[in-house]
Amino acid sequence: MADLVRNYIGGRWVAPIARDTLTVTDPSSGEELARLPLSGPSDVGAAVAAAASAFPAWRGTPAVERARVLFRLKALLEEHKEELAVSLTGEHGKVIAETRGEIQRGIENVEHACGIPSLMLGDTLEDVASGIDCASWRQPLGVFGIITPYNFPVMIPMWFWPYAVATGNTVVLKPSEQDPLTHQRIVALAEEAGLPPGVLNVVHGGRAVVESVCDHPDIVGVSFVGSSRVAAMVYARAAASGKRVQALGGAKNHIIVMPDADMEAAADACAASAFGSSGQRCLAGSVFSGVGDAYAPFRDRLMDVASSMRLGNGLDPETDMGPVISAAHRDRVRSFIDVGAAGPGRLLLDGRAASVEGRDGGYWVGPTVFEDVPPDSPLGTEEVFGPVVTLSKATTVEDAIERVRRSRYGNACSIFTTSGRTAREFRHGSGVAMMGVNVGVAAPMAFFPFGGSKESFYGDLKAQGRDAVSFFTEQRVVISRW
């Protein structure tokens with residue numbers, strides 16, 4: 001029988017109070033990797049108690065000393081980068097080049113959080129009135145809950161908890177129940193780096209853990225990433241109990257290709273955007289608009305790239321695309337293709353029958369391309385979260401931008417063009433939070449905010465960058481006369 005994944009509470013790896021479990025599988029083979037506990041409110045309560053107990057001493061630790069722990073963690077992550085990437089490919093399925101990139105993005109957030117002595121600086125002004133001075137400080141708040149998804153199980157937790165602990169808070173993390181193993185190793189490295197017991201706690205499980213984190217009176221704020229449906233519920237439930245919340249949701253990302261674009265580069269970038277990580281990312285391009293004469297050559301090049309992609313084990317250097325995360329998700333993606341194939345619209349490339357020799361138990365869906373899908377159909381409006389794209393022709397760039405604006409999501413969008421004027425019109429009018437110009441995946445670096453707009457984001461302060469420091473601190477203003 002596979003090993004039971006343990007919770008991490010108060011600096012110790014502990015068995016859960018709850019006894020129910022589910023299976024963690026290798027998505028490329030369906031083989032069992034581990035059993036995961038479905039923890040409950042009592043497990044969350046124990047983790048919150050440990051975090052609350054650790055908070056006063058950790059808050060009182062000078063910012064430079066907290067930063068030194070993160071410096072040591074960064075060095076350990078770099079030392080173990082390949083080990084972590086191999087582990088992540090095994091439990092998620094994405095190809096090794098992608099997991100190496102994900103680990104690097106996580107390291108970059110730790111690196112940015114190392115600058116917390118500067119990032120937490122306040123402001124002062126002498127003589128705001130005669131003999132009166134004013135100063136502001138940023139202070140930590142207490143225990144934060146962090147709830148993260150399966151698609152980037154290393155990087156996304158590190159959008160949040162390094163900033164939370166750097167600013168002097170303590171954390172209860174609920175990772176995805178589908179691929180929690182690699183982050184377990186990162187928690188062990190954080191302990192090795194000197195993070196004190198109770199500062200970072202991990203509770204595994206499903207909905208019961210999420211609800212307990214939202215409701216617990218000693219948790220002051222919640223960071224969440226997942227579907228828009230759940231993001232809206234987490235935002236409402238946690239805010240109703242008095243917490244600050246940042247809830248990042250789903251997406252339906254549009255990419256516009258202009259006639260003056262480098263067509264080969266645009267199609268290659270769009271294929272990487274749509275089919276990288278098997279389409280399981282909130283920045284994946286899924287609706288492509290070719291403007292005017294751009295449409296036919298863009299479609300033909302994209303089809304060439306998509307139809308030649310090789311599926312397989314992500315550790316094989318010849319593999320272009322791995323499986324999706326689970327049998328249930330494979331079936332969900334196939335159901336979208338079923339609906340689209342019934343028309344209207346035209347199925348140009350069908351990935352439903354994808355298979356890999358010797359890995360019959362894997363969760364395979366191949367690159368799938370539709371043409372002329374109505375913009376108000378499920379394929380045109382719903383997040384599939386798989387390697388499925390739709391192509392359509394736009395008459396003008398204004399028409400293509402209007403399609404972007406009509407979407408209820410606003411996570412990311414991109415344009416491919418050599419015209420600065422067109423790029424500016426797109427930037428000015430798209431109404432989307434993260435935009436790319438000649439970039440297929442508009443992913444901000446750690447020192448810029450990450451988060452969408454409209455139904456892709458609930459809250460005010462986003463992940464990463466200055467927003468992270470603001471979210472995990474309260475600004476205190478002192479007016480003094482002596």
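Structure above, values below:
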{"item": "Out of Val388, Val477, Val469, sole residue that is of a type in the set (Val, Ile, Thr) and either more than 30 Å from Gly142 (Cα to Cα) or in the same structural domain as Val257 (by TED's automatic domain parsing) (or both)", "result": "Val388"}
{"item": "Only one of Gly198, Gly221 that is touching a Lys or Arg at 6+ places or on another chain (Cβ under 7 Å) and over 15 Å from Leu36 (Cβ atoms)", "result": "Gly221"}
{"item": "Inter-residue pairs, beta-carbon under 7 Å, first without any contact (Cβ under 8 Å) to a residue 40 or more places away in the chain and in region 17-29, second hydroxyl-bearing (Ser, Thr, Tyr), 6+ apart", "result": "Ile17/Ser42"}
{"item": "Inter-residue pairs, beta-carbon under 8 Å, first not assigned by TED's automatic domain parsing to the domain that holds Leu391 and exposed (fewer than 15 other Cβ atoms within 10 Å of the Cβ) and in region 344-366, second basic (Lys, Arg) and in a loop (DSSP other than H, G, I, E, B), 6+ apart", "result": "none"}
{"item": "Any hit, region 462-482, residues being among the aromatic types (Phe, Trp, Tyr), more than 16 Å from the chain's Cα centre (by Cα), buried (at least 21 other Cβ atoms within 10 Å of the Cβ) and not in a loop (DSSP other than H, G, I, E, B)", "result": "yes"}
{"item": "Residue that is nearest to Ala251 (Cα to Cα) [pool: residues in region 282-298 that are in contact with a Lys or Arg (Cβ under 9 Å, 6 or more places away or on another chain) and surrounded by 21 or more Cβ atoms within 10 Å (Cβ to Cβ)]", "result": "Ser286"}
{"item": "Among residues of region 253-270, those that are touching a residue at least 60 places away in the same chain (Cβ under 8 Å) and not in a strand (DSSP E or B), counted", "result": "8"}
{"item": "Elements of type strands (runs of 3 or more DSSP E) in region 155-251, at least 1 residues being among the aromatic types (Phe, Trp, Tyr) and closer than 20 Å to Arg105 by Cβ", "result": "219-225"}
{"item": "Within region 7-72, strands (runs of 3 or more DSSP E) holding 2 or more residues that are out of contact with any Asp or Glu (no Cβ under 7 Å at 6 or more places or on another chain)", "result": "7-9, 12-14, 32-37"}
{"item": "Only listed residue being within 30 Å of Gln104 (Cβ to Cβ), crowded, with 20+ Cβ neighbours inside 10 Å, out of contact with any helix residue (DSSP H, G or I) (no Cβ under 8 Å at 6 or more places or on another chain) and not polar (S, T, N, Q), chosen from Ala51, Ala46", "result": "Ala51"}
{"item": "Residue in region 439-457 that is closer than 23 Å to Gly122 by Cβ, within 15 Å of the chain's Cα centre (by Cα) and polar (S, T, N, Q) present", "result": "no"}
{"item": "Residue, surrounded by the most Cβ atoms within 10 Å (Cβ to Cβ), within region 300-343, restricted to residues that are under 22 Å from the mean Cα position of the chain (by Cα) and over 20 Å from Ala97 (Cβ atoms)", "result": "Val333"}
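The values are calculated or read from the model by the stated rules, or taken from the named source; none is laboratory data. As the structure is a prediction and not an experimental result, all values here were calculated from the model. No Cβ is skipped: glycine too gets one built from the backbone with ideal geometry, and neighbour counts run over all protein chains shown.
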